[in-house]
Amino acid sequence: MAEKYQVLIFGASYGSLLATKLLLAGHDVKLACLPSEAEIINAEGTRVRMPVKGRDGLVEIDSRALPGRLSADAPAAIDPGGYDLVALAMQEPQYRAAGVRELLDEVATKKVPCMSIMNMPPLPYLKRIPELSTEALTDCYTDAAVWRSFDPALMTLCSPDPQAFRPPEEKANVLQVTLPTNFKAARFADAGHTAMLRRMQADIEAVRFDVGGEGIELPVKLKVHDSIFVPLAKWAMLLTGNYRCVTRSGPRSIKEAVHDDLAASRAVYDWVREVCVALGADPDDLVPFEKYAAAANGLVRPSSAARALYAGAPNIERVDRLVQKIAAQKSMRNPVVDETVALVDAQLELNRKAAA
């Protein structure tokens, strides 16, 4: 490895997956998280369990045995100035929380390159898309003001395609991967920052993990793309599966949302693809419906957005509303998407009234 990078990751749940891949490659990672999470991670490290093709069961990766160094801390205790890269792996509503908000603003002020692995693309990233009015999109965000200080040139987006969850019976330092696909990142505006991502990509791809004396190749890679539209491929998946887990009678699994009416799902998926192409994406940047539908067969839980919504959350990531509003700028509408947005709006209104 030519250079060891220092990476700060917001969020210790999904963020521990990217952290593990970087630690395997010899880079150092700091997780910004809750004090209770930091305490257990600093004492016991993290455990990430993932399926590996051709092997029975799950392979467990203990961060304490990896070449990179892992630490964790509460946001208020972190100075982001010494990091080469910041990764955003929290849910979008969490960035307005006390402590998190201030650390995020400090990242922007100190001009540290930032890679989001949220489903909801930060507003500064959307400003990199030509002829898109981001001012008209601010009400899609829980608090759009938290992104105000960022230079769009220092923000890139990485599609969080791998699926993972914290097993409820385990400690907070355990993450289980259910869909071991790749992180797909767009280039930065700056060639030097993009070169850093490509170095990380190469280091991750070179890793062979020892299992019983055998060096095996692990899934979940980092893939860096020249097109700024590649991470937007996730939008069609989210609107076809994740947000359509929300129904009038309660949540359903992603598999059910996609496969209960495959023709309707294909129509939504293709429409969102058309929105991305209207923004400037090459169709080859995007994932075919058949590939997504096959993957959805293994997604037997409701999406995290649906679970949060029916658990009473007053705010969730609103990629559904974001895509609807972006499409409107291109004079595009879809009645199924409109219905989905209305269902999510209605449930959020109920949640907010209950919490008042």
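The values are calculated or read from the model by the stated rules, or taken from the named source; none is laboratory data. Predicted model only: the values in this text are computed from it and were never measured. In this analysis, Cβ positions are derived from the backbone assuming ideal geometry, glycine residues included, and neighbour counts consider all displayed protein chains. To get the accessible areas, we keep the full protein, side chains included, count just its heavy atoms, and leave off ligands, DNA and RNA. Shrake-Rupley method; radii C 1.70, N 1.55, O 1.52, S 1.80 Å.
At-a-glance table
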{"item": "Selection status of ALA25, within 25 Å of LEU175 (Cα to Cα), open to solvent by less than 40 Å² (accessible area, probe 1.4 Å) and either of a type in the set (Asp, Glu) or in contact with an Asp or Glu (Cβ under 9 Å, 6 or more places away or on another chain) (or both)", "result": "yes"}
{"item": "Qualifying positions in the range 84-94 - crowded, with 20+ Cβ neighbours inside 10 Å and among the polar types (S, T, N, Q)", "result": "GLN91"}
{"item": "Residue within the range 35-47 that is over 27 Å from TRP147 (Cα atoms) and part of a strand (DSSP E or B) present", "result": "yes"}
{"item": "Qualifying residues in the range 95-105 (those that are open to solvent by 40 Å² or more (accessible area, probe 1.4 Å) and part of a helix (DSSP H, G or I)) - the one farthest from LEU154 (Cα to Cα)", "result": "ARG96"}
{"item": "Unmet criterion (only one of (1) open to solvent by 60 Å² or more (accessible area, probe 1.4 Å); (2) in contact with a Lys or Arg (Cβ under 6 Å, 6 or more places away or on another chain); (3) of a type in the set (Gly, Ala, Ser)) for ALA356", "result": "(2)"}
{"item": "Single condition ASP282 does not satisfy, out of (1) out of contact with any Gly (no Cβ under 6 Å at 6 or more places or on another chain); (2) more than 21 Å from ILE326 (Cβ to Cβ); (3) touching a residue at least 12 places away in the same chain (Cβ under 8 Å)", "result": "(2)"}
{"item": "2 or more residues on the phi < 0 side of the Ramachandran plot, free of Cβ contacts under 8 Å to residues at least 24 places away in the same chain and of a type outside the set (Ser, Thr, Tyr): qualifying strands (runs of 3 or more DSSP E) within the range 175-224", "result": "214-216"}
{"item": "Filter result (open to solvent by 20 Å² or more (accessible area, probe 1.4 Å) and over 20 Å from GLN163 (Cβ atoms)) within the range 6-22", "result": "GLN6"}
{"item": "Residues that are basic (Lys, Arg) and assigned to a loop (DSSP other than H, G, I, E, B), drawn from the range 296-346", "result": "ARG301, ARG318, LYS330, ARG333"}
{"item": "Whichever residue in the range 242-267 is surrounded by 23 or more Cβ atoms within 10 Å (Cβ to Cβ) and in contact with a Leu (Cβ under 7 Å, 6 or more places away or on another chain) and, among such residues, is farthest from LEU132 (Cα to Cα)", "result": "ILE254"}
{"item": "Subset of the range 225-247 [within 15 Å of ALA311 (Cα to Cα) and either touching a strand residue (DSSP E or B) at 6+ places or on another chain (Cβ under 7 Å) or modelled with pLDDT under 95 (or both)]", "result": "CYS245"}
{"item": "Hey, LEU22 under 17 Å from SER116 (Cβ atoms), part of a strand (DSSP E or B) and touching a helix residue (DSSP H, G or I) at 6+ places or on another chain (Cβ under 7 Å) or not", "result": "no"}
{"item": "Every residue from the range 305-320 that is open to solvent by 50 Å² or more (accessible area, probe 1.4 Å) and in contact (Cβ under 8 Å) with a residue 60 or more places away in the chain", "result": "TYR310"}
{"item": "Whichever residue in the range 321-345 is in contact with a Lys or Arg (Cβ under 9 Å, 6 or more places away or on another chain) and closer than 14 Å to CYS276 by Cβ and, among such residues, is most open to solvent (accessible area, probe 1.4 Å)", "result": "GLN324"}
{"item": "All positions within the range 126-148 that are closer than 24 Å to ILE78 by Cα and either at pLDDT below 95 or not β-branched (Val, Ile, Thr) (or both)", "result": "ASP143, ALA144, ALA145, TRP147, ARG148"}
{"item": "Subset of the range 166-224 that is more than 25 Å from ASN42 (Cβ to Cβ) and basic (Lys, Arg) - its residue that is surrounded by the most Cβ atoms within 10 Å (Cβ to Cβ)", "result": "LYS184"}
{"item": "Residue selected from the range 106-138 under the condition touching a residue at least 40 places away in the same chain (Cβ under 8 Å) and more than 20 Å from the chain's Cα centre (by Cα), by the criterion most open to solvent (accessible area, probe 1.4 Å)", "result": "LYS111"}
